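Engineer: The structure's right below; bear with me while I get my questions together.
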Amino acid sequence: MRIINSMYVILTALVVLAGVPACVGESANAGGGVGRIATAAAVPVDDGYAPPVVSALENRQPASRADGAIALGISASGSLQNPAWSPDSGELLFTRFVNGYNAEPADLLIFNMGDALTRTLISNGSGNVNLPGSSWNLGTNYIAFSSSRDPHDEIYAIYADGPANDEWQITDRTEWMAYEPTFSPDGEWVVFESHPLDVEGDGVITKYKIDDSQPYQALTASGDDCRQPNWSPAGNLMLYQKFSGGQWDIWLMNPDGTNQRQLTTGAGDKTDAVFSPDGNWIVYSSDEGALEFANLFIISVDGGPPTRLTTFDGYDGAPSWSPDGRFIAFESAPEDPDAAGGTTLWQIAVPDQFAPPLLFDGGFETGDASQWADVNWNLDRPLGEQLQIVTIPARQGQFAAETIVHDGDQFIDTSGERIQFERPGPNEREGDDYWYAWSTLFPVDWQSPNDWLLIADWHSAYPDACQLLQLELNNTNALSAQILTGDVTGYDCYTGPGTALNQSEVIVDQIALGEWHDFIIHVEWTTSANGLIEIWHKLESEAEFVNVLAWDGIPTLQYMGDPANPAPPYFILAHYRDETNTHTSVLYHDGLRMAVSAANLAEGDLYNLEPSSAVYLPIVAAWEPGM
């Protein structure tokens, strides 16, 4: 993945000449992959440094490959390496080596998967390098990285959404260098590889609590060469690579350094390992099987034969598994990355046998709302006055959310009164095909809203347009589905020039009180007239779901003018009503799930469409702007 300094370049060259497998930046080979590394303008930073522009690699690889990998369209010069996903899977952190493969200086950049824009996070003339995997922490939104600035490499952190070059130093030791950090899931610890000053071998996996309340803890033995530690998502395991018997292999251990055991076997170097988001699998880079260049492989944390993921004649390495479980990003080169002049970044879909059944589980089984990206409520109140996690009633598992809205419960200066939960990303994009399921209960003493109340919506990314899709209860307790999709240029909420599709349909004539309502929604997301929205509903006491809505041949995303540039919506599980109400309302939510198929939603008989009453209601058979 990286060469630390010129001394290591010389040592590696000597090893190669001696016929011993080289560890260049701890990777069997090394590289990265977009179809083209575009020449970009230099990026000015606070200290006046601007990285030099290097020559572009023109058309060295196609935009897609026979194994299904797709190039990421990142316009940045240099060698693009070490991808690491954001916690919401919507962005990608990476290292840009300015002067070619592993050739410092190196900057940290972030690529947005939605709008394809890239921003600079660190650029100061030194070698700033992240490790793929858990270097971007969910709880704190901090990113850990190493930097070669004077006097030697140490570990730093920076807030992902903060200003550029606003990092802070974590490690500070005079006799040791520190590389390749990742965070513990709670963000309180970093684990990294330590090397004696000016010694590039003999890596020691070391753990350190970032508040400096505990001393540095060496987890592997001095004299072993261990590198690239990554923490498991649950925090119960660490992986690392160890050089033994003339090759690199992947090892596992407990976070306190006990129970060290070798995972991979057989001939060939195995490097650059990271966990799957469910912790059951590990993806790594290897030239096993006598490959000329390393490709990507997946192996169970319990061991066994690996499965080859990429089948490329060139090099694939430094993989990173997206937190939503859908994709693996990696670096790639059509040949040895040094010979190629650098690497570019790619992604490949995770095969079904390794993908988690759920893309998101918001069923409150954590005993709180921590799995949600955000909770919006009246900040003048304690959260406990608007949210209680309860065991009775509960529809799925042990817990459900009791949501309470009082007169005046506005979120900051927004309209209406609410408490609502925002699903973490990535947000819905062109071509996505998703299934959603959840349950809502209106208590027996439920009082209808004066005007409207939303229980769920896909929120518009445009400030003036209303929701793309929402389930709205009216003042007679009828529940409707409403959409606003297509070209929303000039729209003020639902009022506009008629270029968008504005459609509403009652799906439940009268909600039942004191009983869980189960919903399943299927959406094929697109700006074209090829989209689909299907909704199923049943009561807890009913055996089968009934298809209460099917809108086919419609756009399901919003855009302004250019359908090739839609604005991704974000999902809200809501208790959101108009502000004219004076009474206190209580409703319950449970079981929110998101998946790529109906079968993956099912939990026993809950959210199971087999059998179902397929009573399709094709409200819109075809659509054109201006209908």
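Engineer: Write down the radius of gyration of the range 491-580 and its Dmax, each obtained from C-alpha positions, in Å.
Structural biologist: 15.9, 46
Engineer: Using DSSP to call loops (not H, G, I, E or B), can you name the GluC sites (Glu not before Pro) in the range 276-352 whose Cβ has at most 15 other Cβ atoms within 10 angstrom?
Structural biologist: In loop regions of the range 276-352 (DSSP not H, G, I, E or B), the sparsely surrounded GluC sites (Glu not before Pro) are E292.
Engineer: Roughly how large, in nm² to one decimal, is the mean projection of the convex hull of the alpha-carbon atoms in the range 364-468?
Structural biologist: Mean shadow area of the hull around the Cα atoms is 8.2 nm².
Engineer: Let me ask another. For P(r) over Cα pairs in 10 Å bins from 0, in percent, the choices are [x] 3, 13, 21, 23, 20, 12, 5, 2, 1, 0; [y] 3, 9, 12, 12, 10, 7, 5, 5, 5, 4, 4, 3, 3, 3, 4, 5, 4, 3, 1, 0, 0; [z] 3, 16, 24, 23, 17, 12, 4, 0, 0; which was calculated from the structure?
Structural biologist: Matching entry in [x] 3, 13, 21, 23, 20, 12, 5, 2, 1, 0; [y] 3, 9, 12, 12, 10, 7, 5, 5, 5, 4, 4, 3, 3, 3, 4, 5, 4, 3, 1, 0, 0; [z] 3, 16, 24, 23, 17, 12, 4, 0, 0: [z].
Engineer: Over the range 417-508, what is the mean sequence separation of C-alpha contacts under 8 Å (at least six apart), divided by residue count, expressed as relative contact order in percent?
Structural biologist: Averaging sequence separation for qualifying contacts and normalising by length gives 19 percent for the range 417-508.
Engineer: Moving on. On a full-extension model of 0.36 nm per residue, what is the gain between S213 and S75, subtracting their alpha-carbon distance, rounded to one decimal in nm?
Structural biologist: 45.5 nm
Engineer: With θ set to phi - 60°, apply the Karplus curve 6.51 cos²θ - 1.76 cosθ + 1.60 along the range 238-246 and write out the HN-Hα couplings as whole Hz, x wherever there is a Gly or Pro.
Structural biologist: Taking θ as phi minus 60°, the curve returns 10, 10, 6, 10, 10, 8, 7, x, x Hz for the range 238-246.
Engineer: What do you get for the angle between helix 6-17 and the principal long axis of the chain? Use alpha-carbon atoms, 0 to 90 degrees, nearest ten.
Structural biologist: For 6-17 against the chain, the angle is about 70 degrees.
Engineer: When only alpha-carbon atoms count, how far does the range 161-304 stretch along each of its three principal axes, as whole angstroms with the largest first?
Structural biologist: Largest first, the range 161-304 extends 44, 35, 34 Å along its Cα principal axes.
Engineer: Can you say what percent of the DSSP beta bridges in the chain, counting only those with both residues inside, are antiparallel? Round to 5.
Structural biologist: Rounded to the nearest five, the antiparallel share is 95 percent.
Engineer: Translational D (Stokes-Einstein, µm²/s) of the range 169-230 at 10 °C and 1.306 mPa s when Rh comes from the Kirkwood sum over C-alpha pairs?
Structural biologist: 136 µm²/s
Engineer: In square angstrom, what is the accessible area per residue of the range 321-479 with a 1.4 angstrom probe?
Structural biologist: 36 Å²
Engineer: Using modelled amide H (1.01 Å from N, peptide plane; none on Pro or chain starts), what sits under 5 Å from the amide H of L501, excluding residues fewer than 5 places away?
Structural biologist: Amide H to amide H, under 5 Å and 5 or more residues apart or across chains, L501 pairs with T485, G486, D487.
Engineer: Could you go through the range 183-200 in sequence order and give the Karplus-derived ³J(HN,Hα) for each residue, using 6.51 cos²θ - 1.76 cosθ + 1.60 with θ = phi - 60°, rounded to whole Hz, and x for Gly and Pro?
Structural biologist: 8, 5, x, 7, x, 8, 10, 10, 10, 7, 9, 9, 9, x, 3, 6, 10, 8
Engineer: Here's another thing I want to ask about it. Using helices alone, what [θ] at 222 nm do you get for the chain, with -39,500 (n - 2.57) per DSSP H run of 4 or more residues, divided over all residues and rounded to the nearest 500?
Structural biologist: Mean residue ellipticity, 222 nm, calculated: -1000 deg cm²/dmol.
Engineer: Computed from the mean reciprocal separation of all distinct C-alpha pairs, what Kirkwood hydrodynamic radius does the range 56-143 have, in Å?
Structural biologist: 13.8 Å
Engineer: Let me ask something additional. Give the residue from N236, P334, L92 lying farthest towards the positive end of the charge dipole for the chain; charges sit on Cβ (+1 for Lys and Arg, -1 for Asp and Glu) and the dipole is referred to the Cα centre.
Structural biologist: P334
Engineer: So, one more: Normalising by the residue count of the chain, find the relative contact order in percent from Cα pairs under 8 Å and 6+ residues apart.
Structural biologist: It rounds to 11 percent for the chain.
Engineer: Rounded to whole Hz and in sequence order, give me ³J(HN,Hα) for the range 290-302 from the Karplus expression 6.51 cos²θ - 1.76 cosθ + 1.60, θ = phi - 60°, writing x for Gly and Pro.
Structural biologist: Whole-Hz 3J(HN,Hα) from phi for the range 290-302: 6, 5, 5, 10, 5, 10, 9, 9, 10, 9, 5, 5, 8.
Engineer: Let me ask something additional. Could you work out the mean projected area of the convex hull around the alpha carbons of the range 262-379, in square nanometres to one decimal?
Structural biologist: 10.2 nm²
Engineer: Also, quick follow-up: Is any residue of the range 546-580 close enough, with backbone N under 12 Å, to a label point placed 7 angstrom from the Cα of E524 along the Cα-Cβ axis, and if so, which?
Structural biologist: The answer is 551-556, whose backbone nitrogens lie closer than 12 Å to the label point.
Engineer: If the range 396-441 were replaced by its equivalent ellipsoid, with semi-axes equal to the square roots of 5 times the Cα gyration tensor eigenvalues, what would those be, largest first, whole Å?
Structural biologist: They are 26, 19, 8 Å, listed largest first.
Engineer: Another question about this same structure. Out of every Cα-Cα pair in the range 107-216, what percent are more than 25 Å apart?
Structural biologist: Across the range 107-216, Cα pairs with separations above 25 Å total 18 percent.
Engineer: What is the list of residues in the range 353-367 whose amide nitrogen lies under 17 Å from a point 7 angstrom out from the Cα of T391, following Cα to Cβ?
Structural biologist: 364-367
Engineer: Let me ask something else about it. With +1 on each Lys and Arg Cβ and -1 on each Asp and Glu Cβ, and nothing else charged, work out how big the dipole of the chain is about its Cα centre, in Debye to the nearest 20.
Structural biologist: 1140 debye
Engineer: Please report, as a whole percent, how much of the solvent-accessible surface of the chain comes from carbon and sulfur atoms (probe radius 1.4 Å).
Structural biologist: 51 percent
Engineer: With +1 on each Lys and Arg Cβ and -1 on each Asp and Glu Cβ, how big is the dipole of the range 69-220 about its Cα centre, in debye rounded to the nearest 20?
Structural biologist: 340 debye
Engineer: Rounded to whole Å and ordered largest first, report the semi-axes of the equivalent ellipsoid of the range 235-280 derived from its Cα gyration tensor (root of 5λ).
Structural biologist: Here the semi-axes work out to 19, 13, 8 Å.
Engineer: Once the convex hull of the alpha carbons of the range 366-428 is built, what does its volume come to per residue, in cubic angstrom?
Structural biologist: 115 Å³
Engineer: Shifting gears a bit: Between A221 and E335, what FRET efficiency follows from the Cβ-Cβ distance if R0 is 25 Å, with the result rounded to 0.05?
Structural biologist: With a Förster radius of 25 Å, E is 0.10.
Engineer: So how far apart, in nm, are the two label points at T311 and L513 if each is 7 Å from Cα heading toward Cβ?
Structural biologist: If labels sit at T311 and L513, their model points lie 6.2 nm apart.
Engineer: Moving on. Restricting attention to the range 377-411, which chymotrypsin sites (Phe, Trp or Tyr not before Pro) occupy a DSSP loop and are surrounded by at most 15 other Cβ atoms within 10 Å?
Structural biologist: none
Engineer: With labels modelled as points extended 7 Å from the Cα through the Cβ direction, what inter-label distance (nm, one decimal) is found for Y462 paired with A478?
Structural biologist: 2.8 nm
Engineer: Taking the Kirkwood radius as the inverse of the mean 1/r across Cα pairs, report the Rg/Rh of the range 313-424.
Structural biologist: 1.23
Engineer: Show me the ranking of peptides 317-329, 270-282, 248-260 by mean Cβ neighbours inside 10 Å, starting with the highest.
Structural biologist: For the peptides 317-329, 270-282, 248-260, the packing ranking is 317-329, 270-282, 248-260.
Engineer: For S504 and A290, what is the calculated FRET efficiency with R₀ set at 41 Å and r taken between the beta-carbons, to the nearest 0.05?
Structural biologist: Between S504 and A290 the formula returns 0.05.
Engineer: Hey, another quick one. Under 18 Å Cα-Cα from K270, which lysines qualify once same-chain neighbours fewer than 8 residues away are excluded?
Structural biologist: K242
Engineer: What is the P(r) of the range 303-347, as percent of Cα-Cα pairs per 10 Å bin from 0?
Structural biologist: All Cα pairs, binned at 10 Å, distribute as 26, 46, 25, 4 percent.
Engineer: What is the distance, in nm, between label points placed 7 Å from the Cα along the Cα-to-Cβ direction at Q398 and at L117?
Structural biologist: If labels sit at Q398 and L117, their model points lie 4.3 nm apart.
Engineer: Give me the log10 of I(q) over I(0) for the range 281-328 at q = 0.20, 0.29 Å⁻¹, as the Debye formula computes it from C-alpha points; what are the numbers?
Structural biologist: Reported log10 I(q)/I(0), two decimals: -0.65, -1.13.
The values are calculated or read from the model by the stated rules, or taken from the named source; none is laboratory data. None of these values were measured; they are calculated from a predicted model. Heads up, the Cβs are rebuilt from the backbone with ideal geometry, glycines too, and the neighbour counts pull from every protein chain shown. With ligands, DNA and RNA removed, areas are computed over all heavy atoms of the protein, side chains included. Shrake-Rupley method; radii C 1.70, N 1.55, O 1.52, S 1.80 Å.
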